[in-house]
Amino acid sequence: MSMETLLEKSDRKPTYNQFASDNYAGICPEAMQAMQAANSGFVPSYGDDRWTERACAQLRQVFETDCQVFFVFNGTAANSLALASLCRSYHSVICHELAHVETDECGAPEFFSNGTKLLHVNGPGGKFDLGEVERAITRRSDIHYPRPKVLSLTQTTEVGTVYTPDEIRAASELARRYGMRVQMDGARFANAVVSLDVAPAEITWRAGVDVLCLGGAKNGMAVGEAVLFFDRELALEFDYRCKQAGQLASKMRFISAPWIGMLEGGAWLKNARHANSCAALLEQHLSGIAGISIMYPRQANSVFVEMPEAVAAALRAAGWNFYSFIGSGGARFMCSWQTTEADVIMLADAVRLHSKQMR
Ligand SMILES: *Cc1c(COP(=O)(O)O)cnc(C)c1O
């Protein structure tokens, strides 16, 4: 098929109806341009290049600390390898019952750690309850039970809420009290930073987080997540772990250069701010509609909605895309850097129309 035919075919698909996930969006211009800029000449492979060096330096500047940085292809690898590096096989990781590491990584954390068990606890709004966490830690101390070693929290959570700096600090203090480490799944970390309007350091290492898996793809990159070790000793031999897991890119510059494009001009925060404000607009338009209710406090770039099944079916039939298997069964509308206000208004109008017809 010629390039023109390919483009023509892909152009025929409307893009306005995508609220399924922020990874339905394309590559943002800043990431694309940075990748393009890295595409000149011969450059050393496996991360031994100036783009990778500059991306690492930029991350250290943004996080205001001399952390160890690694780039991997996706979030599952970032989380799994980070957790594996903090645990031995007989340890356990405590996370929320909705945590991506528990529900959406196909057992990769257990696989890469050779058997470390995930113990899940609940808590309202996608955030674990610290009393529950402590009960999970202290429930048993005998040799027959996997020893809790890491507390894993997701920021932004799976239901679009955000842990406050105080909540993260309290969680880390609890973990420390029991000799545990803290890992953060930051697939939507940027959305939390702009939601809270804080410095990235305030909700990571200054609040006791040892390792952050920082999301790139959902923020506007093609592929790639960064793993940041704030405690450098924990990063020992992490490079071997990445290589063995098939997560060491040989043409690393194309994974690392987009980070420069995202960070240097602040596009990562601009994208997140845009996505969050689209979600806020959607929330505002949906909350006036009879029969529709917003399920969780809308704090980042997603809106979870309880609606009659017939309305959801009518929306799907009209071509709207959204998930309904995350959290407790409502519809999830996720905004991205690419969402437009017009998309949001059109979606809200469709919800209003179908809700009226059902009554
Ligand atoms: C998307 C996502 C990830 C990463 O998923 P991959 O598909 O492996 O890149 C990790 N954590 C959360 C909370 C996510 O939403």
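The values are calculated or read from the model by the stated rules, or taken from the named source; none is laboratory data. Here the structure is a predicted model, which is why all the values come from computation and not from measurement. Note that we place each Cβ from the backbone using ideal geometry, even for glycine, and neighbour counts take in every protein chain shown. Ligands, DNA and RNA are excluded from the accessible area calculation, which covers all protein heavy atoms including side chains. Shrake-Rupley method; radii C 1.70, N 1.55, O 1.52, S 1.80 Å.
On the stretch given as segment 181-198, residues that are out of contact with any helix residue (DSSP H, G or I) (no Cβ under 7 Å at 6 or more places or on another chain) and within 15 Å of residue 230 (Cα to Cα) total 2. When you go through (1) within 16 Å of the ligand (Cβ to nearest atom); (2) surrounded by fewer than 24 Cβ atoms within 10 Å (Cβ to Cβ); (3) under 21 Å from residue 87 (Cα atoms); (4) not charged (D, E, K, R) one by one for residue 141, which number turns out not to apply? Result: residue 141 passes all but (1). Here segment 335-359 is the region considered, the condition is being of a type in the set (Ser, Thr, Tyr) and touching a Phe, Trp or Tyr at 6+ places or on another chain (Cβ under 9 Å), and the residue that is most open to solvent (accessible area, probe 1.4 Å) is 340. Among the numbered conditions (1) modelled with pLDDT under 90; (2) open to solvent by less than 70 Å² (accessible area, probe 1.4 Å); (3) of a type in the set (S, T, N, Q); (4) under 23 Å from residue 218 (Cα atoms), the only one that residue 15 does not meet is (2). Applying the criterion of at least 1 residues that are within 16 Å of the ligand (Cβ to nearest atom) and of a type in the set (Val, Ile, Thr) to the helices (runs of 4 or more DSSP H) found wholly in segment 45-113 leaves 75-86, 100-103.
Please determine, by comparing only the residues of segment 276-306 that are small (Gly, Ala, Ser) and assigned to a strand (DSSP E or B), which one is farthest from residue 350 (Cα to Cα).
302
Taken over segment 146-180, the residue count meeting the criterion of being closer than 16 Å to residue 129 by Cα, open to solvent by less than 10 Å² (accessible area, probe 1.4 Å) and away from the ligand (no atom under 16 Å from the Cβ) is 4.
A Cβ distance below 7 Å, combined with a sequence gap of six or more or placement on separate chains, defines the contacts here; from segment 21-46, residues that are under 11 Å from residue 253 (Cβ atoms) reach residues that are in a loop (DSSP other than H, G, I, E, B) in the pairs 43/49; 45/250; 45/251; 45/252; 46/248; 46/250; 46/252. If you go through segment 186-201 and keep only what is in a helix (DSSP H, G or I), more than 16 Å from the ligand (Cβ to nearest atom) and either open to solvent by 10 Å² or more (accessible area, probe 1.4 Å) or closer than 19 Å to residue 109 by Cβ (or both), you end up with 194, 196, 200. When residue 183 is tested against (1) within 16 Å of the ligand (Cβ to nearest atom); (2) farther than 20 Å from residue 30 by Cα; (3) open to solvent by 20 Å² or more (accessible area, probe 1.4 Å); (4) not hydrophobic (A, V, I, L, M, F, W, C), only condition (3) is not met.
Looking only at residues in segment 90-113 that are over 20 Å from the mean Cα position of the chain (by Cα) and open to solvent by 60 Å² or more (accessible area, probe 1.4 Å), the one that is nearest to residue 133 (Cα to Cα) is 90. Taking segment 253-270 as the range and being open to solvent by less than 10 Å² (accessible area, probe 1.4 Å) and farther than 18 Å from residue 227 by Cα as the test, only 267 passes. A search for C-beta distances below 7 Å between a residue of segment 145-165 that is modelled with pLDDT of 95 or more and any residue that is open to solvent by 20 Å² or more (accessible area, probe 1.4 Å) and of a type in the set (Lys, Arg), counting only pairs 6+ apart in sequence or on different chains, returns 146/117; 149/181; 150/181; 156/188; 157/127; 160/298; 161/127; 163/127. Inspect segment 256-266 for any residue being at pLDDT 95 or above, among the polar types (S, T, N, Q) and over 15 Å from residue 47 (Cα atoms) and give the result as yes or no. No: segment 256-266 contains no residue that is at pLDDT 95 or above, among the polar types (S, T, N, Q) and over 15 Å from residue 47 (Cα atoms). May I ask you to list the residues in segment 214-251 that are assigned to a strand (DSSP E or B) and not β-branched (Val, Ile, Thr)? The answer is 214, 215, 225, 226, 228, 229. Looking across segment 42-68, the residues that are open to solvent by less than 60 Å² (accessible area, probe 1.4 Å) and either touching a His at 6+ places or on another chain (Cβ under 7 Å) or farther than 22 Å from residue 243 by Cβ (or both) come down to 57, 58, 62, 63, 65. Within segment 30-41, the only residue that satisfies the criterion of being part of a loop (DSSP other than H, G, I, E, B) and open to solvent by less than 30 Å² (accessible area, probe 1.4 Å) is 38.
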